[in-house]
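Below you'll find the structure, written out as structure tokens, and then a few comments.
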Amino acid sequence: MPAAGLVLLAGSKSTIADMKDFHDCGWSEDVRRHAYRGGRIVGLCGGFQMLGKTIHDPWGSEGEQTEIAGLDMRT
């Protein structure tokens, strides 16, 4: 049984930058382990984008980086 019943990935105005921080802090693996243990994950707005395979910003509206790997957890 997971320690938390639900992980909520909230929206973001800087989805790519926040996803980078998420990866850099090791939270990506924490969320994957949570799901593996049977925990639930919900993403709202930018948080839902983070659950996908890749986040794209082709026009660079959020900054210089225009693409980053997501959590690849959508089913």
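The values are calculated or read from the model by the stated rules, or taken from the named source; none is laboratory data. The structure presented is a predicted model; accordingly, all values stated were derived computationally and were not measured. Cβ sites come from the backbone with ideal geometry, for glycine too, and all protein chains shown count toward neighbours. Only protein heavy atoms, including side chains, enter the accessible area calculation; ligands, DNA and RNA are left aside. Shrake-Rupley method; radii C 1.70, N 1.55, O 1.52, S 1.80 Å.
Out of the residues in region 21-37 that are closer than 20 Å to GLN65 by Cβ and of a type outside the set (A, V, I, L, M, F, W, C), which is most open to solvent (accessible area, probe 1.4 Å)?
The residue in question is ASP24.
Output the residues belonging to region 1-11 that are surrounded by fewer than 17 Cβ atoms within 10 Å (Cβ to Cβ) and not in a loop (DSSP other than H, G, I, E, B).
LEU6, LEU8
Would you be able to say whether some residue in region 12-20 is surrounded by 13 or more Cβ atoms within 10 Å (Cβ to Cβ) and at pLDDT below 90?
yes
Being free of Cβ contacts under 8 Å to residues at least 40 places away in the same chain and either assigned to a helix (DSSP H, G or I) or more than 22 Å from LEU6 (Cα to Cα) (or both) is the filter here; which residues of region 23-37 pass it?
Of everything in region 23-37, those that are free of Cβ contacts under 8 Å to residues at least 40 places away in the same chain and either assigned to a helix (DSSP H, G or I) or more than 22 Å from LEU6 (Cα to Cα) (or both) turn out to be ASP24, TRP27, GLU29, ASP30, ARG33, HIS34, ALA35, TYR36.
Out of everything in region 38-75 that is basic (Lys, Arg) and not in a strand (DSSP E or B), what residue ends up being surrounded by the fewest Cβ atoms within 10 Å (Cβ to Cβ)?
LYS53
For region 61-69, indicate whether the set of residues that are among the polar types (S, T, N, Q) and within 12 Å of the chain's Cα centre (by Cα) is non-empty.
no
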